[in-house]
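Readers should treat all values here as calculations from the given coordinates under stated rules, not as data from a laboratory. Just so it is clear, the structure is predicted and the values come from calculations on it, not from any experiment. Methodologically, a virtual Cβ is constructed for each residue, glycine included, from the backbone with ideal geometry; neighbour enumeration extends over all protein chains shown.
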Amino acid sequence: MKDSNGIFLKQMGAKIRAARNAKKISLRKLGKLCQLQETNIMRIEHGKKSCRILTLKNIADKLEVDVKDFL
């Protein structure tokens, strides 16, 4: 079970990173937009940190994508 969670977080993070890169937004800028530390965004993107659904929605909103695109 733990492995599947880790795989899910890495896949979700890769989708967030792809959306951020497609919009040409830096980690620092996305962090400021979302009122999160740049390191937290990086850890989410690398699948090293989980986040609350509202944080995920906030990131999606700032990247102008549907939160479902990350799941």
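Could you tell me whether any residue of the range 10-19 is within 9 Å of the chain's Cα centre (by Cα) and outside any helix (DSSP H, G or I)?
Checked against the condition, which is being within 9 Å of the chain's Cα centre (by Cα) and outside any helix (DSSP H, G or I), the range 10-19 yields no hits at all.
Can you find, within the range 20-44, the residue that is surrounded by the fewest Cβ atoms within 10 Å (Cβ to Cβ) among those that are basic (Lys, Arg) and assigned to a helix (DSSP H, G or I)? Spell out the reasoning first.
If we filter the range 20-44 for residues that are basic (Lys, Arg), which is where we start, we get 20, 23-24, 28-29, 32, 43.
From what's left, assigned to a helix (DSSP H, G or I): 20, 28-29, 32, 43.
Numbers: 20: 20, 28: 12, 29: 15, 32: 15, 43: 16.
Restricting to residues being basic (Lys, Arg) and assigned to a helix (DSSP H, G or I), the top hit is 28.
Please state which of the following conditions residue 7 fails to meet, knowing it meets all the rest: (1) assigned to a helix (DSSP H, G or I); (2) touching a helix residue (DSSP H, G or I) at 6+ places or on another chain (Cβ under 6 Å).
(2)
Give 13, 31, 6 a once-over and let me know the one that is more than 16 Å from residue 55 (Cα to Cα) and not basic (Lys, Arg).
The conditions single out 6.
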